[in-house]
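This report refers to the structure that appears directly beneath it.
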Amino acid sequence: MKPARKLLIGSNLKMYKTIVETMVYLTQLQKLTTDLSRDDISVFIIPSYTSLPAASKIMGGVLQLGAQNMSWEESGQFTGEISPVMLKELNLDIVEIGHSERRHVFGETDQDENKKVLAALNHGFTALLCIGETASDTELGISVEKLRIQLKVGLRGVHADLIDHLWIAYEPVWAIGVNGVPASPEYASNMHAKIHETLVEIFPEHNNNIPILYGGSVTQQNCNELIVQPFIDGLFIGRAAWNADDMNAIIRKVLPLWQKK
């Protein structure tokens with residue numbers, strides 16, 4: 001069993017909310033959750049790039065804010081990319097790296113994600129590395145092998161002194177999106193245990209407490225069953241969290257269960 005730590009709950013808004021919609025959502029969510037002690041929980045939201053400047057101005061320590069992607073280069077001839085230096089100007093907390101859409105729609109490799117992880121950590125961000133197997137991987141019985149590769153390549157060269165700023169989000173690719181099928185709590189728990197074992201293998205000389213979040217069709221109906229699993233350290237929620245009242249409801253459902261673990 002891993003040592004106790006804060007419950008982590010967050011959402012990636014993808015390419016859905018405008019700046020105005022994002023500001024309304026963040027303002028509402030801050031008000032709804034302001035009574036919760038941040039000694040027990042960290043709530044983070046990762047909106048679109050265009051919303052980040054405005055969003056960063058209203059963050060009052062209640063919510064953490066992140067970017068959905070980042071270049072590993074600090075500057076240069078990289079049209080359309082955003083550098084870690086640029087993101088530092090916005091006082092962001094988190095950089096999401098390797099979401100399945102970045103991997104499977106935009107063709108990013110494990111080596112690409114590794115360079116981004118190193119850049120994020122070296123610039124003082126929390127790196128949220130997303131990993132997950134496809135339906136084909138599952139059918140072939142190589143899901144664990146695929147996750148181990150994504151972790152071993154993605155975390156290559158990470159100095160152990162920086163692992164306090166490293167989070168892992170496990171999202172089975174077949175569980176994400178409109179047509180996603182949620183993994184069973186038992187399946188998710190087993191995969192989280194395998195991920196934890198791999199992290200201990202990568203960082204053998206340290207008391208490994210890297211948080212592992214589950215994402216993939218998390219809802220108000222299944223969040224309770226997921227959060228009580230021994231190696232699930234938080235939830236990375238999609239569309240079920242894109243209404244502030246719904247996100248607040250999930251948080252208040254799972255927090256008491258987490259505190260009893």
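We did not get these values from a lab; they are worked out from the coordinates using the rules stated. The structure displayed is predicted, hence computed values, not measured ones. Counting neighbours? That spans all protein chains shown, and the Cβs are built from the backbone with ideal geometry, glycine included.
In what order do PHE78, PHE203 fall by count of nearby beta-carbon atoms within 10 Å, going from fewest to most?
PHE78, PHE203
Give me a comma-separated list of calculated 3J(HN,Hα) values for the stretch 25-32, in order, Karplus coefficients 6.51, -1.76, 1.60 applied at θ = phi - 60°, integers in Hz, x for any Gly or Pro.
4, 5, 4, 5, 5, 4, 5, 5
Pull up the DSSP beta bridges for the stretch 7-260 and report the antiparallel fraction as a percent, rounded to 5.
Bridges in the stretch 7-260 are about 0 percent antiparallel.
Quick query: amide H of MET59 versus all other amide H atoms, modeled in the peptide plane; which residues come in under 5 Å with a sequence gap of 5 or more or a different chain?
Close amide H contacts, sequence-distant or interchain: none at all.
Exposure proxy check: ASP39, ASP246, ASP164, ASP110 ranked by fewest other beta carbons within 10 Å? If you can, show how the numbers build up before the last one.
Values: ASP39 7, ASP246 15, ASP164 11, ASP110 18.
Least to most surrounded, the residues fall as ASP39, ASP164, ASP246, ASP110.
Mind checking the full-extension length gain between ASN209 and ARG156? Use 0.36 nm per residue of separation minus the Cα-Cα distance, one decimal, nm.
Extending this stretch completely gives an extra 17.3 nm.
Holding the Cα-Cα limit at 23 Å, pick out from LYS116/LYS253; LYS88/LYS152; LYS6/LYS253; LYS115/LYS146; LYS116/LYS261 the pairs that are longer than that.
On the way: LYS116/LYS253 34 Å; LYS88/LYS152 27 Å; LYS6/LYS253 15 Å; LYS115/LYS146 19 Å; LYS116/LYS261 33 Å.
Listed pairs above 23 Å: LYS116/LYS253; LYS88/LYS152; LYS116/LYS261.
Can you classify the stretch 1-149 as rounded, prolate or oblate using the Cα gyration tensor, where a ≥ b ≥ c are the square roots of its eigenvalues, rounded means a/c under 1.5, and otherwise it's prolate if a/b beats b/c and oblate if not?
It is oblate, given that a/c is not under 1.5 and a/b is not larger than b/c.
Ordered by residue, what ³J(HN,Hα) values in Hz, to whole numbers, does the stretch 140-153 give under the Karplus form 6.51 cos²θ - 1.76 cosθ + 1.60, where θ = phi - 60° and Gly and Pro are x?
7, x, 10, 4, 5, 4, 5, 5, 5, 5, 4, 6, 5, 7
Provide the per-residue ³J(HN,Hα) series for the stretch 230-235, in order, calculated from phi with Karplus coefficients 6.51, -1.76, 1.60 and θ = phi - 60°, each as a whole number of Hz, with x at glycine and proline positions.
Result, rounded to whole Hz: x, 10, 9, 9, x, 10.
For ALA135 and GLN28, calculate 0.36 nm times their separation in residues minus their Cα-Cα distance, and state this gained length in nm to one decimal. Mind showing how you got there, number by number?
Working: separation 107, 0.36 × 107 = 38.52 nm, distance 3.65 nm.
So the extension gain works out to 34.9 nm.
Pull up all non-local amide H partners of THR126: gap of 5 or more, or a different chain, and H-to-H distance under 5 Å with H placed in the peptide plane.
Answer set, sorted by chain and number: ILE94, VAL95.
Going by how many other beta carbons lie within 10 Å of each one, how would you line up GLU186, GLU81, fewest first?
If I rank by nearby Cβ atoms, fewest first, I get GLU186, GLU81.
Shape call for the stretch 92-241 from the C-alpha gyration tensor, a ≥ b ≥ c root eigenvalues: rounded (a/c under 1.5), prolate (a/b greater than b/c) or oblate?
rounded
List the relative contact order of the chain as a percent without decimals, with contacts defined as Cα pairs under 8 Å and 6+ residues apart.
Relative contact order here is 19 percent.
Where nothing but the Cβ of Lys and Arg (+1) and of Asp and Glu (-1) is charged, how large is the charge dipole of the stretch 150-251 around its Cα centre, in debye to the nearest 20?
Taking the Cα centre of the stretch 150-251 as origin, the dipole is about 280 debye.
For ASP39 paired with TYR187, estimate the spin-label separation in nm (one decimal), with each label point 7 Å from Cα along the Cα-to-Cβ line.
Taking the simple label geometry, ASP39 and TYR187 are separated by 3.9 nm.
Can you tell me the dipole magnitude for the stretch 7-260 around its Cα centre, using point charges on the Cβ only (Lys, Arg +1; Asp, Glu -1), in Debye to the nearest 20?
480 debye
Could you pull out every residue, at least 5 positions away or on a different chain, whose amide H is within less than 5 Å of the one on GLY238? Hs are placed 1.01 Å off N in the peptide plane, and Pro or chain starts have none.
Those lying under 5 Å, H to H, from GLY238 are GLY216, SER217, VAL218.
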